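Each remark here refers to the structure printed beneath this line.
The values are calculated or read from the model by the stated rules, or taken from the named source; none is laboratory data. Since the model is a prediction, treat every value here as computed from it, not as a measurement. Glycine gets a Cβ as well: all are built from the backbone with ideal geometry, and neighbour counts include every protein chain shown. Keep in mind that these areas ignore ligands, DNA and RNA; they rest on the heavy atoms of the full protein, side chains included. Shrake-Rupley method; radii C 1.70, N 1.55, O 1.52, S 1.80 Å.
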Amino acid sequence: MKRKLVSVAAVAMIGLSVFQPLQAGAAPDETAKNEEVRVLVKQKDGVFSTQATDEVKEEHGVRNSFGNEGFTTEVSKKELEELKADKALEVTEVSVYTKQEVSEKRDVSTQAVSDRTPWGIQAIYNNSSITRTSGGNNINIAVLDTGTSVNHPDLAANVEQCVDFTQASSGQVNGTCVDRDGHGTHVSGSALANGGNGSGIFGVAPEADLWAYKVLGDDGRGYSDDIANGIRKAADDGANRGEKVVISMSLGGGQDSLISSAVRYANTRGALVIAATGNSGPYEGSIGYPAALPEAVAVANLENRQQNGTYRVADSSSRGYSRTDGDYVIQQGDVEVSAPGSAILSTYPGNTYASLTGTSMATPHISGLAAKIWSENTGLSSSQVRQTLQTRARANDILGGYGAARGDDYASGFGFPRVQ
């Protein structure tokens, strides 16, 4: 494992939205017009002068820049109406994404955990007697989430990057990634917790390096431009250093051009993108983005109970389309693989532990497995690691849960890939 160089600054998180009290005598509709919204601005096709976009940049500043795709900034709703009226500009509101967690119930333990290898770890290692895990050396797992408690004893030794993409003052602040929600810390632990001081838990790949990217705010919500910025940074840092990167996203929302473009870009830079399908099941076609993109590995949620001789897909886990069952081809809106995601014990802020449920919890199990596979086969490309995940999933078919069936199905995908 590489030497860690992170210094964590204690800074206050500025929220995703700014709420101002009504001015005395101000009409509610006038106040609403002055509320700020984040927008993507670019030139309309066929417009050759940059004057209009240059004026917007000068007046409102630039939050995140995406080349020919445009740039983001914040304007009032009144100003948004004016910008949309400009025939030289294409202006759209930026999408909001959220964490993919089912339950807000958090059973936080302030004591040392009694089971250092929670059920999900035992399941993915296919070993109910395992007491510690291994692997992931020299592989980076970029966790794009609500931040991470990087001083947690089970995570501190793994932290290599800590970056906040959500602050109002800047689109990227290095050295801070404070997690006030807990979701990101929990996800990080399932992927790579290292057992801490001898009484902590283990994740799937405890020797992997953690890139903790705070792209969601303290309420578990974030803008697609900040998330896209994080995806691109992880991909670029890996490619520029000649290092392997797994991008793990336990978040989701609607289809968004910035997210789609960033995921495709990450693929071209050699990163492997893994994302949570969402918790809108058991209905068909309910997978959110970025998991719905063919360029991302979409992960479904397995429960710790047996049905038809296998683990069971949770009813809440989002489903793909039954019309694509059996083809073993990843198309838009397909589940690819499944992993433990219900009642998962993992790290939590305050040097504690919590049990949470959702496809958010399943995703880091696959991210950790990908890192473990890659560390053992460093000559593989990201697409070959993905193929390895698929092959291992096919060897462990899932038959439990609504829509689960033999072979590739719209509930569990190819199946449940494991270490052995």
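Let's see how each residue does on (1) part of a helix (DSSP H, G or I); (2) in contact (Cβ under 8 Å) with a residue 24 or more places away in the chain:
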residue	(1), (2)
THR347	no, yes
THR363	yes, yes
SER367	yes, yes
LEU380	no, no
VAL385	yes, yes
ARG406	no, no
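Test SER109 against the criterion of being modelled with pLDDT under 95, more than 18 Å from ALA234 (Cα to Cα), open to solvent by less than 50 Å² (accessible area, probe 1.4 Å) and touching a strand residue (DSSP E or B) at 6+ places or on another chain (Cβ under 9 Å), and give yes or no.
In short, yes.
Is segment 85-102 home to any residue that is assigned to a helix (DSSP H, G or I), open to solvent by less than 70 Å² (accessible area, probe 1.4 Å) and over 30 Å from SER342 (Cβ atoms)? Within segment 85-102 (the criterion being assigned to a helix (DSSP H, G or I), open to solvent by less than 70 Å² (accessible area, probe 1.4 Å) and over 30 Å from SER342 (Cβ atoms)), the answer is no, since none of the residues qualifies. Would you confirm whether any residue within segment 376-386 is on the phi < 0 side of the Ramachandran plot, out of contact with any helix residue (DSSP H, G or I) (no Cβ under 6 Å at 6 or more places or on another chain) and open to solvent by less than 10 Å² (accessible area, probe 1.4 Å)? No. From (1) in contact with an Asp or Glu (Cβ under 6 Å, 6 or more places away or on another chain); (2) assigned to a loop (DSSP other than H, G, I, E, B); (3) under 29 Å from THR92 (Cβ atoms), pick out the condition that doesn't hold for ARG264. (2) is the only condition that ARG264 fails. Selection of segment 134-143 for residues being of a type in the set (S, T, N, Q) and closer than 20 Å to TRP211 by Cβ yields ASN137, ASN138, ASN140.
The set of residues in segment 227-261 being in contact with a Ser or Thr (Cβ under 8 Å, 6 or more places away or on another chain) and of a type in the set (Lys, Arg) consists of LYS244 alone.
Give me the pairs: first residue in segment 183-200 and free of Cβ contacts under 8 Å to residues at least 60 places away in the same chain and at positive phi, second residue of a type in the set (Asp, Glu) and buried (at least 24 other Cβ atoms within 10 Å of the Cβ), beta-carbon distance under 8 Å, and six or more apart or on different chains, which are they? Within 8 Å, the pairs are GLY196/ASP154. The residues listed here are GLY252, GLY278; of these, the one that is crowded, with 23+ Cβ neighbours inside 10 Å and part of a loop (DSSP other than H, G, I, E, B) is GLY278. Checking each residue in segment 209-232 for being surrounded by fewer than 20 Cβ atoms within 10 Å (Cβ to Cβ) and among the basic types (Lys, Arg) picks out only ARG221.
The single condition among (1) charged (D, E, K, R); (2) open to solvent by less than 50 Å² (accessible area, probe 1.4 Å); (3) over 22 Å from the mean Cα position of the chain (by Cα) that ASP327 does not satisfy is (2).
Among the residues examined, ARG323 does not qualify as of a type in the set (D, E, K, R) and either at positive phi or part of a strand (DSSP E or B) (or both). When segment 120-176 is filtered for residues that are open to solvent by 10 Å² or more (accessible area, probe 1.4 Å) and not in a loop (DSSP other than H, G, I, E, B), the ones remaining, listed by number, are GLN122, ALA156, ALA157, GLU160, GLN161, VAL173, ASN174.
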